[in-house]
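Engineer: Below is the structure I would like to discuss, written out as structure tokens.
All of the numbers you see were taken from the coordinates with simple rules; none came from a lab. This is a predicted model, so every value here is computed, not measured. Glycine also receives a Cβ, built like all others from the backbone with ideal geometry; neighbour counts cover every protein chain displayed.
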Amino acid sequence: MNRAPRQSQRKPLTAPIRRVRFAWVAIFFCAWVLVIGGRLVWLQVVRHSEWVDKAERQQHNTFAVAPQRGILYDRNLRELAMTVKMDSIYVDPSELGENRATTAEMLAKLVHTDASDNFTSESQMLARFNDSKHFAWVARRVDATTADRVRELNLKGVYFQKEFKRFYPNNDLAAQVLGYVGSEDTGLGGLEQQFDDDMHGTPGQMLTAVDAKRHVMASVESEPLPGENLVLTIDANIQHMAEHALDEQMAKVKALHGTIVVQDPHTGQILALAISPRFNPNDSRHMEPGSLTNLAVSDVYEPGSTFKLVTYSAALDAAGVEPTDMVDCQGGSMTMFGRTLHDDKADHFGVVTVQYALEHSSDVGAAKMALKVGPNNFYKYIKGYGFGGRSGVELPSETRGLLTNPKKWGSTSILSLAIGQEIGVTPIQLVTMVSTIANGGVYMPPRVLLQSTDEMKGDARLKPAAFRPENQLPATLPDGAHRVIKELTAAKMRSMMQGIVMEGTGTPAQLNGYSAGGKTGTAQKIDPATHTYSHTKLVASFAGFAPVSSPAISIAVVIDTPTVGSLYGTTVSAPVFQVVAQQVLEYLGVPHDQPLKTGKALLAAAPEAMPDDATSENIGDLNAMFDEINNLPADDPLRASSSAGSVTSGAEAVLANAPVASTEPRGAGNSSWAVGLLPAKVLAAFRTDGGTGSAMPDATAANAAPSAPVIAPQVQARANGSVVVDAGRRVAVPAFTGNSLRSAIEAAAAMGLRVEPVGSGIARDQAPVAGTMVPVGTEVVVRFAR
């Protein structure tokens, strides 16, 4: 029997797969991949730059490398402002640990030398240490001595960094013109502010790689680009003359402040701009706010009688008036529309010539000149001279002054304007007006910037531009230049202004050997209490030029609120013009156009000028002046030796003639931070290391005249290769006898000295004698005579 084969039961090879579980696992892994992928995209794509920056911050430190600020030169390439490298001290607070308070205490004892400097006080220093993790300043731009003392402590976590500091070698010379910079190297006044972007330069960068413990492993630096250098129209020697004369008069009359502007009338270039009181830009923490303003461009005052030059020139130019025409001054009183105009109470002029009325500053005569011109024409001439508008001089905060349109004038405004009232002017505008008359009638915009350049002193492409007077206008007039009055009118005005100095109110401005023209002015100030003109608060001024035949310089002197003696421009400002003009013309070597006064005539005209036959008593006077000017202590060896001969060895002579880095005028502020870089102030040098005379080896030498003290400069060579010159360095006084004023000043400047001239002509005597070793910056008294 056939049996069907039994079908064998098939067994599965693997356990059955549950589809649902598989689906969940697959979904989980897909989601996980999506989350991880999304997170990676978020971190590596969306936030890529953010994390790269964070990594850079953790792994690298980036420091800005400050550029070197441009140098300010005078026209002879003498440095007026420069930048020097100094040490700044900082700490890494993370390395101080629990010693922060102790470290702050120790450092404060060394760097906190000024009680008014809160930044370096112990409490402020400790607060910075506690507020920062890896960087905190201790003190910035400290002097070399302080930096060395901190290094000797060898404190953990204390480091040094080189920083630039602005330095002004002449301290307060032309301070308001130059301005000053803040702690972040930002210009805060004067040319430093006006050209801050150009002079600041482009910062560089230093990139350092650090490990997890913030240790530097490597660094890459991009060099900063230095700022542009500026060459000014200022002549530092003329600037010093103007400042010295102004300071002396300010001390004499006890005035509120004063301004002198010296200008080249044919180009508009400002040769000197002196303001008193001044400030020392090297000592920014002790500046008086009132001294920071450049009064020459921002101080507005009523010019008074100096403005009569505008009135008379307009009358000559527009109304056909001649200097010989007659004008009725009506006994010194004139009434118009209910207002009475008076001349000075001592003046009762009748019918006089126009020139006589100007020479004696008749208000009535000036008013009648303005009436001849008429309001609209008069306004046109006022604007033509630059009043009522900015001159464009390269100085910040220049004001337009105050000038009202004729449509808003009152019935008697033309009378007020004729005598310099109801108008506000600046000293820059005043001197430019006088220069317009001096140069033949063309308004030349004032300038204080000669050029900007990338070259530095020593580069053959940068050459000094010593001022040489030229009696002609440039072939191409600059922008803003325009003719104001006819050339013939200007010539007539110059002759009339010469008469003011020769016969009128300006006689104290007479020069020796030079003709001069100018106009005095005494303006009343408004009394805030009564809102009327004050009889005691006056502005005394004088504006003029010299020589008349070929004007080389124009000068404006404005002294605000003198309080001692006569308060008028004749006695306060005209003598200052005389001193400055005489010295500047001699310095420039301008040929004389008038006979020289000698002997008694010279003494009568200029008491400070001495006849040729000087006596030993005169020499004693020079020595006394030298002692007083340089503020010598009673026991200073230079007092006893200023008139003695001097013998120096060859080695000493070589040292004495070493190049001088800078000069420091008397009265300078504390410059101790610059020790090791530039000479310290003169006063400290006088009082330290006075020295003694040389020993005499034999009887002959013992009987000889005592020699001047010889003190050789001390030069120290450091291990790092740097050289430090002792701050008390001395130089030998040159022989000035037989030299002109200009030659004497240039020879003194080459040695880092200054000259205090007495008289005019050729150098005859000096104190101290040639060869005497004196500190850099000393003022040598030199007597000049014919």
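Engineer: Taking Cα pairs under 8 Å and at least six residues apart, what relative contact order does the range 497-548 come out at, in percent?
Structural biologist: Averaging sequence separation for qualifying contacts and normalising by length gives 36 percent for the range 497-548.
Engineer: Further, regarding this structure: What FRET efficiency would be calculated for the residue pair W51, E184, taking the C-beta separation as r and a Förster radius of 51 Å, to the nearest 0.05?
Structural biologist: 0.95
Engineer: I've got another one for you. Taking amide H positions as placed in the peptide plane 1.01 Å from N, state which residues far from L450 in sequence (5 or more) or on other chains have amide H under 5 Å from it.
Structural biologist: V231, L232, T233
Engineer: Still on this structure: Spin-label point model (7 Å from Cα, Cβ direction): what's the D459 to A101 distance in nm?
Structural biologist: So the label points at D459 and A101 sit 5.6 nm apart.
Engineer: Sort the following peptides by mean Cβ neighbour count (other Cβ atoms within 10 Å, averaged over residues), highest first: 520-532, 266-278, 306-318.
Structural biologist: 306-318, 266-278, 520-532
Engineer: Give me the percent relative contact order of the range 241-324, please, defined on Cα pairs under 8 angstrom at least 6 residues apart.
Structural biologist: Numbers: 68 pairs, mean separation 16.7, N = 84.
Normalised by residue count, the contact order of the range 241-324 is 20 percent.
Engineer: Would you kindly state how much longer the chain becomes between D527 and S284 on full extension, computed as 0.36 nm times their sequence separation minus their alpha carbon distance, in nm to one decimal?
Structural biologist: Gain on stretching D527 to S284: 84.2 nm.
Engineer: Tell me the label-point distance for the pair F28, R149, using the 7 Å Cα-to-Cβ offset, in nm and rounded to one decimal.
Structural biologist: 7.4
Engineer: Can you pull out the chymotrypsin sites (Phe, Trp or Tyr not before Pro) in the range 61-167 whose DSSP state is coil and whose Cβ has at most 15 other Cβ atoms within 10 Å?
Structural biologist: Those satisfying the criteria are F135.
Engineer: Skipping prolines and chain starts, which residues have an amide H placed within reach, meaning under 5 Å, of the one on L80, given they are 5 or more residues away or on another chain?
Structural biologist: Placed amide hydrogens put L72, Y73, D74 under 5 Å from L80.
Engineer: Using 7 Å Cα-to-Cβ label points, what is the E487/M336 separation (nm, one decimal)?
Structural biologist: 3.4
Engineer: Continuing with the same structure: Which GluC sites (Glu not before Pro) in the range 117-185 pass both tests, a DSSP loop state and at most 11 other beta-carbon atoms within 10 Å?
Structural biologist: Filter output for the range 117-185: E184.
Engineer: I've got another one for you. I want the local charge near R742. Using Cβ-Cβ distances under 12 Å, sum +1 for each Lys or Arg and -1 for each Asp or Glu among the other residues.
Structural biologist: -2
Engineer: Okay, next question. Using 0.36 nm times the number of residues separating K156 and L256, minus their current alpha carbon distance, what extension gain do you get?
Structural biologist: 30.7 nm
Engineer: Could you give the length gained by full extension between S549 and T113, i.e. 0.36 nm per residue of separation minus their alpha carbon distance, to one decimal place? Numbers along the way, then the final one.
Structural biologist: Values: separation 436, 0.36 × 436 = 156.96 nm, distance 5.77 nm.
Extra length available between S549 and T113 comes to 151.2 nm.
Engineer: Can you classify the range 244-397 as rounded, prolate or oblate using the Cα gyration tensor, where a ≥ b ≥ c are the square roots of its eigenvalues, rounded means a/c under 1.5, and otherwise it's prolate if a/b beats b/c and oblate if not?
Structural biologist: Because a/c hits 1.5 or more and a/b exceeds b/c, the range 244-397 counts as prolate.
Engineer: Now a separate question. Averaging sequence separations of C-alpha pairs under 8 Å and six or more residues apart, then dividing by the length of the range 87-188, give the relative contact order as a whole percent.
Structural biologist: Computed value for the range 87-188: 39 percent relative contact order.
Engineer: Also, quick follow-up: Tell me whether the range 274-356 comes out rounded, prolate or oblate; compute the Cα gyration tensor, take square roots of the eigenvalues as a ≥ b ≥ c, and use a/c under 1.5 as the rounded threshold.
Structural biologist: prolate
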